[in-house]
Amino acid sequence: MTENLSILNTMLHTWSDDEVIEAWRMIADEGKRRKNVKTRKLKGELSPGDKVVFESGKIGTCNGHIIRVKTKNAIVEVKGRNWNVPMSMLTKV
């Protein structure tokens, strides 16, 4: 556990319920903000034909190429099958 997580763990055990709820809200808001930043950045970088990688819960790591870039997702062809993948899950290869 990193030092920051150790400090957070200590704080969680000393905060009131209201403080814990507020902390979770702040963490969730920051996670959404970071996801949106990554999505906007990738949308500008990805175009049809680009090779990408993403993790699938069913089959693990998937390598494919972009067929179409949409607003928040991209259509990615993997082994002849098209997947509708959120931009935040994609990594350009």
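Note on the range 67-93: residues that are surrounded by 13 or more Cβ atoms within 10 Å (Cβ to Cβ), in contact (Cβ under 8 Å) with a residue 24 or more places away in the chain and of a type in the set (A, V, I, L, M) total 7.
Taken as a whole, the range 47-65 holds no residue that is over 20 Å from the mean Cα position of the chain (by Cα), charged (D, E, K, R) and either more than 19 Å from MET87 (Cβ to Cβ) or surrounded by 12 or more Cβ atoms within 10 Å (Cβ to Cβ) (or both). Only residues that are open to solvent by less than 50 Å² (accessible area, probe 1.4 Å) and not in a helix (DSSP H, G or I): list them for the range 1-46, please. The one that is open to solvent by less than 50 Å² (accessible area, probe 1.4 Å) and not in a helix (DSSP H, G or I): LEU46.
The values are calculated or read from the model by the stated rules, or taken from the named source; none is laboratory data. Since the structure is predicted, the reported quantities are computational estimates derived from the model, not experimental observations. Cβ coordinates were reconstructed from backbone atoms using ideal geometry, including for glycine residues, and neighbour counts include every protein chain displayed. Please note that ligands, DNA and RNA were not included when accessible areas were found on the heavy atoms of the full protein model with its side chains. Shrake-Rupley method; radii C 1.70, N 1.55, O 1.52, S 1.80 Å.
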